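K.L.:
Right, I'll just put the structure down here and ask away after.
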Amino acid sequence: MPTPQPEPERYTDREDAGRQLAAALQPRLAGVRPLILALPRGGVPVAGVIADAFGAPLDVVLVRKVGVPQYPELAMGAIASIGGTIETVRNAEVLAGVRDAETVFSAVAERERAELLRREQLYRQDMGPLLVEGETVVLVDDGVATGATMLAGVAALRKAGAARIVAAAPVFLGSGAQVVSEQVDEVVSPWLAPNLPAVGSAYEAFGQVPDEEVRRLLLEARGRSLGP
């Protein structure tokens with residue numbers, strides 16, 4: 001797990017965060033051409049900068065948070081899809097406070113599964129299957145709070161046979177870095193922020209990333225990797 005550093009200035013935007021995160025990753029991946037995988041939607045602009053810096057391919061791992069119905073930002077867990085295989089991660093601490101937890105979790109997860117499959121079709125379209133077996137994978141988000149979303153992606157990558165998984169984000173809140181570090185080979189982040197109230201607080205500009213922007217960034221990255 002990275003060593004806490006003095007609190008940096010806020011990132012200008014996701015591209016600025018991507019540049020700083022790429023710099024932090026460089027010494028950890030010397031001589032390696034990793035596969036850069038983003039958690040949409042916010043992780044894609046960050047990961048695009050990193051993929052460009054490493055001359056590496058860019059793709060996405062589709063993950064959906066399974067939120068408490070009355071408080072959708074509070075994650076009961078998450079689901080992730082790679083190559084049609086769906087992995088589920090549960091947050092036992094949150095579920096302990098939910099009445100009829102398994103029934104509620106299953107109902108919300110089913111709705112999120114439909115949205116996950118819709119986005120997979122929208123973002124990846126004709127990109128072909130995502131192959132991670134034997135690869136060094138950098139899994140990127142624009143920030144990590146509870147870690148549930150990141151952990152769902154990690155579980156799917158492990159099942160798909162990734163050789164090494166590096167979890168990377170511009171900022172980790174609370175105990176997020178510790179939680180994630182227990183399931184990956186390495187956590188890389190320029191900013192561990194145990195007292196920051198929200199991921200957006202680490203950015204000057206933190207608007208929603210539209211589906212069209214995700215698709216554009218993936219197509220641009222694919223064009224660069226295919227070459228002239």
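The values are calculated or read from the model by the stated rules, or taken from the named source; none is laboratory data. Being a predicted model, the structure only gives us computed values, none of them experimental. With ideal geometry, Cβ positions are generated from the backbone for all residues, glycine too; neighbour counts draw on all protein chains shown. Keep in mind that these areas ignore ligands, DNA and RNA; they rest on the heavy atoms of the full protein, side chains included. Shrake-Rupley method; radii C 1.70, N 1.55, O 1.52, S 1.80 Å.
K.L.:
How much length is gained if the chain between Ala114 and Glu15 is pulled fully straight, taking 0.36 nm per residue apart and subtracting their Cα-Cα distance, in nm to one decimal?
P.N.:
Numbers: separation 99, 0.36 × 99 = 35.64 nm, distance 2.98 nm.
Stretched fully, the Ala114-Glu15 segment lengthens by 32.7 nm.
K.L.:
Can you figure out the FRET efficiency of Ala107 with Ala30, using R₀ = 30 Å and their beta-carbon distance, to the nearest 0.05? It would help to have the intermediate numbers written out before the result.
P.N.:
Details: r = 47 Å, r/R0 = 1.56.
Calculated value: 0.05.
K.L.:
Let me ask another. What translational diffusion coefficient, in µm²/s and rounded to a whole number, does the Stokes-Einstein relation yield for region 128-228 at 4 °C and a viscosity of 1.567 mPa s, taking the hydrodynamic radius as the Kirkwood radius over Cα pairs?
P.N.:
Values: Rh = 15.0 Å.
The calculation lands on 86 µm²/s.
K.L.:
Another one. Given a 1.4 Å probe, how much area per residue of the chain is accessible, in Å²? Mind showing how you got there, number by number?
P.N.:
Details: 10780 Å² over 228 residues.
Per-residue accessible area for the chain comes out at 47 Å².
K.L.:
Quick check: net charge around Lys65, other residues with Cβ under 10 Å of its Cβ, Lys/Arg +1 and Asp/Glu -1? Please list the in-between numbers first.
P.N.:
On the way: positive: Arg64; negative: Glu73, Glu112.
Local charge sum for Lys65: -1.
K.L.:
Hey, what does the equivalent ellipsoid look like for the chain, semi-axes from the Cα gyration tensor as sqrt of 5 times each eigenvalue, largest first, whole Å? Could you put the intermediate results ahead of the total?
P.N.:
Details: eigenvalues 128, 93, 55 Å².
Taking √(5λ) for each Cα gyration eigenvalue gives 25, 22, 17 Å.
K.L.:
Report the label-to-label distance for Tyr71 and Thr85 in nanometres (one decimal), using points 7 Å from each Cα along the Cα→Cβ vector.
P.N.:
3.4 nm
K.L.:
Still on this model: Counting only protein heavy atoms and a 1.4 Å probe, tell me what percentage of the chain's accessible area is made up of carbon and sulfur.
P.N.:
On the way: 5280 of 10780 Å².
C and S fraction of accessible area: 49 percent.
K.L.:
Considering only the other residues whose Cβ falls under 11 Å of the Cβ of Ala163, what net charge follows from Lys and Arg at +1 and Asp and Glu at -1? Working shown, then result.
P.N.:
Details: positive: Arg158, Arg164; negative: Glu133, Glu135, Asp185.
Surrounding charge for Ala163 is -1.
K.L.:
Another question, then. Which residue, Gly134, Gly48, Gly31, has the most motion in a Gaussian network model of the chain that connects Cα atoms within less than 10 Å?
P.N.:
Gly31
K.L.:
Explain nothing, just the number: dipole magnitude of the chain about its Cα centre with +1 on each Lys and Arg Cβ and -1 on each Asp and Glu Cβ, in debye rounded to the nearest 20. Don't skip to the answer; put the middle values down first.
P.N.:
Values: 22 positive and 29 negative charges, 77 e Å.
Result for the chain is approximately 380 debye, rounded to the nearest 20.
K.L.:
Once you mark the GluC sites (Glu not before Pro) that are in a DSSP loop and have at most 15 other Cβ atoms within 10 Å, what is the longest gap between them in the chain? Each step should come with its number before you reach the end.
P.N.:
Numbers: sites that count: Glu9, Glu133, Glu182, Glu204.
Between exposed loop sites, the widest span is 10-132.
K.L.:
Taking R0 as 41 Å, what's the FRET efficiency between Asp211 and Ser175 from their Cβ-Cβ distance, rounded to 0.05? Could you put the intermediate results ahead of the total?
P.N.:
Working: r = 31 Å, r/R0 = 0.77.
It comes out at approximately 0.85.
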